[in-house]
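Enquirer: Shown below is the structure under consideration.
The values are calculated or read from the model by the stated rules, or taken from the named source; none is laboratory data. Everything numeric in this text was worked out from a predicted model, so none of it was measured. Cβ sites come from the backbone with ideal geometry, for glycine too, and all protein chains shown count toward neighbours. Heads up: the accessible areas ignore ligands, DNA and RNA and are worked out on the full protein's heavy atoms, side chains in. Shrake-Rupley method; radii C 1.70, N 1.55, O 1.52, S 1.80 Å.
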Amino acid sequence: MYTSIPDCFMIAFAVGLVFGLVYEALRIIRLIMRFRWAVFLCDVIFFILAAEMIMTLSEAFGSYVRIYTVMGFGAGVFTYIVTVGRLLNLAESAAAVAWRKTIGRIIRKTGDLTKKSFGIIAQKSKSAFGKVSKYCESEYKKRYEHLKSTRKKLYNKERLDKIGESEKAHVIKATVRRSS
């Protein structure tokens, strides 16, 4: 299908204006999630979708990408961003700030309730935690007592000598010779 240059430009411009809504949806995500990775991901998604849209338009106009199709699409997106996009940006920014404040208050209230709950539990079970702490500390100390006590040693040469065994019975002798 053959389309003239002005027609291709105007159709691409109109598609770019409509594609500005995709930019708007991704901008809302960027406003709510103020993380660098979210901003980067939204930008990458937008450019991939824009490239796909330009390729689809180019296929419809004759199987190859024309510079005026790309320029018309870019001009349409730019026009959307500087006109309708600016007006919507003001409203979206105010809504995003209100949303973050509301979520922040909810999280703070939940955190305060959690702190109070754990504080009450800790006060009620203070003696139990003390006993558990003392028990754990004594068990930790017991681990190192066996190095001082002969009855807790795993290998006792004196005991082996008393029962008639020695370590010589289980030793393999090897001679190492070097060849020249």
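Enquirer: Figure the gain on full extension for residue 47 and residue 87 (residue separation times 0.36 nm, minus the Cα-Cα span) and round it to one decimal in nm.
Expert: Stretched out fully, the residue 47 to residue 87 stretch lengthens by 12.1 nm.
Enquirer: Now for a different question. Just read off the accessible area of residue 132 with the full protein assembly in place, 1.4 Å probe, to the nearest 10 Å².
Expert: 80 Å²
Enquirer: Still on this structure, I have one more. Could you calculate the FRET efficiency of residue 99 with residue 75 from 1/(1 + (r/R0)^6), where r is the beta carbon distance between them and R0 is 35 Å, rounded to 0.05?
Expert: Efficiency, rounded to the nearest 0.05: 0.60.
Enquirer: Counting only protein chains, not ligands or nucleic acids, how are 9, 46, 35 ordered by accessible area (probe 1.4 Å), most first?
Expert: Correct descending sequence by accessible area is 35, 9, 46.
Enquirer: Once you put a point 7 Å from the Cα of residue 36 and another 7 Å from the Cα of residue 126, both along the Cβ direction, what distance in nm separates them?
Expert: 4.6 nm
Enquirer: Separate question: As a test of reading the structure, rank 79, 102, 69 by solvent-accessible area (1.4 Å probe, protein chains only), most first.
Expert: Reading off the accessible areas and sorting them downward yields 102, 79, 69.
Enquirer: Just the accessible area for residue 59, please: 1.4 Å probe, Å², rounded to the nearest 10?
Expert: Per-residue accessible area (residue 59): approximately 110 Å².
Enquirer: Can you work out the accessible area per residue across segment 1-131, with the rest of the protein chains kept in place, probe 1.4 Å, in square angstrom? Display every interim value, and only then the final one.
Expert: Working: 9180 Å² over 131 residues.
Ligands and nucleic acids excluded, the result is 70 Å² per residue.
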